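Structure, as structure tokens:
The values are calculated or read from the model by the stated rules, or taken from the named source; none is laboratory data. Note that the coordinates shown come from a computational prediction; the quantities given were computed from them, not determined experimentally. Heads up, the Cβs are rebuilt from the backbone with ideal geometry, glycines too, and the neighbour counts pull from every protein chain shown. The protein model used for the area step is the full one, side chains on, heavy atoms only, and it has no ligands, DNA or RNA in it. Shrake-Rupley method; radii C 1.70, N 1.55, O 1.52, S 1.80 Å.
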Amino acid sequence: QVQVMESGGGLVQAGGSLRLSCAFSGSFFSIYIMGWYRQAPGKQRELVATITGANNKVYADSVKGRFTASRDNAKNTVYLQMNSLKPEDTAVYYCAAQRGSLSYWGQGTQVTVSS
């Protein structure tokens, strides 16, 4: 049974930084594509970044150059370093582990950026 759990959200001023973590429990972490998604109030959930076991990364245009996804396959953990945060980055951030048609989602962590 795969589970993922996010941590590291909080309140930060515009221009500040936060690092989110996502702990994966289960087997074969390295074969999962790990994704970060976010959902702002009244909006649909959107992709922020994905990272494969081989460290290939994809970013949403809105976060390129500001956010960095990374993973530690030895610790079964994926990270999202968020710099130069903007009020429009305010959302619940979710971690997902994806393999083929399977997706496992965390409960989310709130990130609030004040202006």
Go through (1) under 24 Å from S114 (Cβ atoms); (2) in a strand (DSSP E or B) and name the single condition A97 misses.
(1)
Going by the conditions given, is Q110 part of a strand (DSSP E or B), touching a strand residue (DSSP E or B) at 6+ places or on another chain (Cβ under 9 Å), in contact (Cβ under 8 Å) with a residue 40 or more places away in the chain and open to solvent by 80 Å² or more (accessible area, probe 1.4 Å)?
yes
May I ask you to list the residues in the stretch 47-56 that are under 19 Å from E6 (Cα atoms) and either more than 14 Å from the chain's Cα centre (by Cα) or open to solvent by 80 Å² or more (accessible area, probe 1.4 Å) (or both)?
G53
If I ask for residues that are open to solvent by less than 30 Å² (accessible area, probe 1.4 Å) and under 30 Å from S115 (Cα atoms), which ones from the stretch 1-17 would you list?
E6, G10, V12, G16
Could you tell me whether T68 is within 22 Å of G15 (Cα to Cα), within 14 Å of the chain's Cα centre (by Cα) and open to solvent by 60 Å² or more (accessible area, probe 1.4 Å)?
yes
Going by what's in this entry, would R38 be described as closer than 22 Å to S115 by Cα and either open to solvent by 60 Å² or more (accessible area, probe 1.4 Å) or free of Cβ contacts under 8 Å to residues at least 40 places away in the same chain (or both)?
no
Please give the strands (runs of 3 or more DSSP E) falling wholly within the stretch 1-90 in which 2 or more residues are under 18 Å from G106 (Cα atoms).
3-7, 18-25, 33-39, 46-51, 67-72, 77-82
